[in-house]
1. Rg (Å, one decimal) plus Dmax (Å, integer) for the alpha carbons of segment 295-412?
2. Could you point to the residue in 110, 368, 246 farthest towards the positive end of the chain's charge dipole, with +1 and -1 charges on the Cβ of Lys/Arg and Asp/Glu respectively?
3. Just need the Rg to Rh number for segment 99-203, please, alpha carbons only, Kirkwood Rh.
4. Taking one equal scatterer on every alpha-carbon of segment 239-320, how large is log10 of I(q)/I(0) by Debye at q = 0.12, 0.26 1/Å?
5. Taking the Cα atoms of segment 218-280, what is the range of coordinates along each of the three principal axes, in descending order and whole Å?
6. Give the residue from 262, 79, 2 lying farthest towards the positive end of the charge dipole for the chain; charges sit on Cβ (+1 for Lys and Arg, -1 for Asp and Glu) and the dipole is referred to the Cα centre.
7. Determine the gain in length on full extension of the stretch residue 93-residue 8; use 0.36 nm per residue of separation and subtract their C-alpha separation, reporting nm with one decimal.
8. Just flag the trypsin sites (Lys or Arg not before Pro) in segment 1-68 sitting in loop per DSSP whose Cβ has no more than 15 other Cβ atoms within 10 Å.
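The values are calculated or read from the model by the stated rules, or taken from the named source; none is laboratory data. The model shown is predicted, which means the values in this text are computed figures rather than measured ones. Methodologically, a virtual Cβ is constructed for each residue, glycine included, from the backbone with ideal geometry; neighbour enumeration extends over all protein chains shown. Remember, those area values only see protein heavy atoms, side chains included, never the ligands or the DNA or RNA. Shrake-Rupley method; radii C 1.70, N 1.55, O 1.52, S 1.80 Å.
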Amino acid sequence: MSKIKALRGMKDLLPDEIWKWQLVENSIKKIMQAYAYKEIRTPLLESTKLFARSIGDSTDIVNKEMYTFLDKGEDFISLRPEGTAGVARAVIEHNLTYKGAQKLFYLANMFRYERPQKGRYRQFYQFGVEVLGLDSPAFDAEIIFLSRKLWQDLNIENDLKLELNTLGSSAERANFRLALKDYLSKYENELDADSKARLTTNPLRILDSKDAKTQEILTQAPVLFDFLGANSRADFDHLCEILQLSGVEFVLNTKLVRGLDYYNKSVFEWTTDKLGSQNAILGGGRYDGLLELLGGKPTPAVGFAMGIERLILLLETLDKFKAQAGKKVILLADENFSAQALNLAESLRSSSSAYSLDLILGGSIRSQLKKADKLGADAVLIYAEQEVAKKVVLCKFLRKNIEQVSLNLNDIENYLTQNFGD
Ligand code: AMP
């Protein structure tokens with residue numbers, strides 16, 4: 001019979017790599033706790049209308065990339081392509097901002113029918129934060145700070161660059177859109193095919209076209225910054241000032257528009273030059289109009305989403321996991337002394353210790369050592385008949401040049417911790 005494989009662009013996360021995910025997730029949860037953000041979990045499926053209305057009918061995500069089905073009740077439903085729309089719906093539905101501002105985060109899988117490539121999948125995971133009910137640019141800064149904290153925690157702060165822009169209010173943007181469209185219409189036949197189509201649907205997206213000719217035409221195009229009113233300028237200046245005061249370096253990228261319609265005012269991306277074309281690790285911005293658009297009360301909001309696969313790819317590329325890999329110790333014991341072996345294993349296992357402890361029972365020492373090596377053990381504790389009688393173990397490191405030693409049972413913990421510490 002032919003084997004059934006996973007769908008294209010959908011990856012299994014296998015036992016040997018999941019620790020990297022857990023490491024990143026633990027770091028995220030620790031930071032969320034420190035900043036007092038609470039987790040929210042919303043359904044994987046939502047009404048298609050929710051995404052069409054919030055992300056925008058003319059965006060690629062809604063137009064081309066959504067997994068949409070007609071369910072048995074003849075309603076159109078979609079797998080979520082991003083997290084903000086679902087969170088906004090839940091906040092409105094449960095009137096969460098009634099009690100005051102909300103600072104939320106999610107860790108969740110998203111689905112987009114894109115052409116799979118390195119760093120781009122059809123099912124992927126995002127970590128996102130959403131701050132609802134606060135309009136000060138101070139909170140735009142706060143979420144940028146907490147993303148920086150994550151880079152610091154993972155030791156990649158110097159490998160990411162913060163790009164910042166402001167899109168102004170929707171009225172300011174509408175004026176700019178008209179001016180941009182006017183300008184680009186003169187060059188309609190010279191634009192790349194995608195940009196040509198966007199001229200009528202979503203002219204702002206033309207700004208981040210990758211086509212060289214289109215980019216050349218754009219050098220003389222009107223600039224959004226010139227269309228900003230006093231309020232938008234003041235908010236943006238305030239944000240820049242806070243970032244500067246706290247030593248967050250950024251570059252102004254006036255072409256940064258982001259692919260989703262609901263953004264206004266500040267938008268930002270953390271990018272890297274280490275991953276080729278999929279260079280955006282995290283993107284976000286303000287979306288003050290979204291909750292009202294979805295039938296809620298006017299509620300200022302700001303948030304971001306980060307792709308976990310891309311972050312892990314970056315950490316792998318930079319070889320940052322090596323130092324963090326957990327240590328593994330395997331106890332090699334005789335079947336006849338399984339009671340003593342399990343007893344020893346129990347006394348060595350504690351959630352705070354510097355290693356995990358596995359057990360191999362039975363077989364010759366030679367075959368046990370081979371198995372332990374295959375399982376990736378860093379060290380083994382040999383506990384055969386003689387050792388049980390003498391109440392000692394032989395400790396042998398498999399990946400370090402350290403002499404095998406005989407240890408009293410009480411000394412094992414210290415000895416291992418010391419030697420893993422280097
Ligand atoms: P977006 O929701 O499009 O603003 O994307 C936010 C972040 O999610 C990006 O910066 C990526 O890190 C990640 N991301 C978006 N689309 C994909 C995808 N198809 N596969 C993997 N990661 C993605």
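1. Over segment 295-412's Cα set, Rg and Dmax evaluate to 21.5, 75 Å.
2. Farthest towards the positive end: 368.
3. Ratio of gyration radius to Kirkwood radius: 1.06.
4. -0.46, -1.24
5. Result, largest extent first: 38, 33, 25 Å.
6. With unit charges placed on the Cβ atoms, the residue in question is 2.
7. Once the chain is fully extended between residue 93 and residue 8, it gains 27.1 nm.
8. Qualifying residues, ordered by number: 3, 5, 8, 11, 41.
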